[in-house]
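**Q** One structure, pasted below without further comment.
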Amino acid sequence: MDLQRTIRRKVSVEGIGLHSGEPVLLTLTPAAADTGILFRAADGTLVPADIEHVVDGRAATTVGAFGVRVRTIEHLMAAAAALGIDNLVVDVDAEEVPALDGSAKPFVDLLYSAGAAPLPVPRRPLVLREPIRVGDGHRWLEITPSDCFRVTYTLDNPHPVIGQQIVSLEVTEAAFVDELAAARTYGFLKDVPTMRKNGLARGGSLDNAVVVGKRAVLNDSLRFEDEFVRHKILDLVGDLWLLGRPLCGHVTGKNGGHALNHELAAAVRRAFAAERRPRPSRARLHPADTIIPGGSLSPRPGIAAL
Ligand SMILES: [Zn+2]
């Protein structure tokens, strides 16, 4: 039986937010089965990392509750998904997850350093029976039945550095670690002034992003020849972890982004809504029941609405 998992011990990492540019300390704490990935802001507000709490998908995945937001959660989510970590409390002392090197690799390393611990509750994979498609003729994502979680992704960008890139793989832990985790986020130099004016990319640099200039990348080198499409898949894996359950299906897609990833996740959620097994709602659980001792989750106003 495939059991839910959390981490074995508390671990932390510091960095700056890709969009905010602000320093942030992120701490991962073990959590009980069926907690999911739960962010906790400095004021104690709890923000579940699930599709119902996505409040912005324009340049990153932002979740929010009670007026508190946590930005750019997708690379941490991707690492947790790939390593099969279902349950975590994630403390952040600023509003954005640290960018670190712009990929999921540092989060993979952090999770490995924490170790994995099984929990006495089975995982409940979402096994697709019917295809689900979102998007239009230019940008779309589709999921079809398959006996494993597989992604086939096409990135088609007229920029000479990118062009057409296609990757297809079964997203196992090993494949994620070897083929996807190190692929960095990317942006176009020409977009940087507008992004910064709009409160985006303020922490972005060659240390945490691939920056695409007119004819070449400004970084010394790429980590993969097709790093761009690999990062797209990494983001997709992270965004689909907003479902909180492993997905069994083949996702194909072209030129998507966070907004489309969220659309797909929401459509999958709707398709499975009817078959959800009753389980104790978090709303009725005292926080102490939800978190493994040592998690030090204190009751806060608002927990009742989770
Ligand atoms: Zn990304």
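A short reminder: the numbers here are calculations on the coordinates, not readings from a lab. Fair warning: this is a prediction, and the values are worked out from it, not measured in the lab. Cβ placement follows ideal geometry from the backbone for every residue including glycine, while neighbour counts extend to all protein chains displayed.
**Q** Hey, could you check the stretch 159-210 for residues that are among the small types (Gly, Ala, Ser) and closer than 19 Å to VAL237 by Cα and say which is surrounded by the fewest Cβ atoms within 10 Å (Cβ to Cβ)?
**A** Out of the qualifying residues, it is ALA174.
**Q** Please go through the stretch 195-229 and pick out each residue that is of a type in the set (Asp, Glu) and not in a loop (DSSP other than H, G, I, E, B).
**A** Answer for the stretch 195-229, where residues must be of a type in the set (Asp, Glu) and not in a loop (DSSP other than H, G, I, E, B): just GLU227.
**Q** Hey, another quick one. If you go through the stretch 114-126 one residue at a time, how many are in a strand (DSSP E or B) and within 20 Å of the chain's Cα centre (by Cα)?
**A** Total satisfying the criteria: 2.
The rows are residues; the columns are (1) among the acidic types (Asp, Glu); (2) on the phi > 0 side of the Ramachandran plot; (3) touching a residue at least 12 places away in the same chain (Cβ under 8 Å); (4) surrounded by fewer than 15 Cβ atoms within 10 Å (Cβ to Cβ).
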site: PHE107; (1), (2), (3), (4): no, no, yes, no
site: LEU111; (1), (2), (3), (4): no, no, yes, no
site: GLY115; (1), (2), (3), (4): no, yes, yes, yes
site: ARG124; (1), (2), (3), (4): no, no, yes, no
site: ARG129; (1), (2), (3), (4): no, no, yes, yes
site: VAL134; (1), (2), (3), (4): no, no, yes, no
site: HIS138; (1), (2), (3), (4): no, no, yes, yes
site: ASP147; (1), (2), (3), (4): yes, no, yes, yes
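**Q** Kindly indicate whether PHE224 is over 26 Å from ARG123 (Cβ atoms), aromatic (Phe, Trp, Tyr) and within 16 Å of the ligand (Cβ to nearest atom).
**A** Criteria met by PHE224.
**Q** On to the next question. If you take the residues of the stretch 196-210 that are within 14 Å of the ligand (Cβ to nearest atom) and not small (Gly, Ala, Ser), which of them is farthest from ALA79 (Cα to Cα)?
**A** Looking at the filtered set, the residue picked out is LEU200.
**Q** ASP156 fails exactly one of the following numbered conditions: (1) within 30 Å of ALA216 (Cα to Cα); (2) touching a strand residue (DSSP E or B) at 6+ places or on another chain (Cβ under 8 Å); (3) surrounded by 16 or more Cβ atoms within 10 Å (Cβ to Cβ). What is the number of that condition?
**A** (3)
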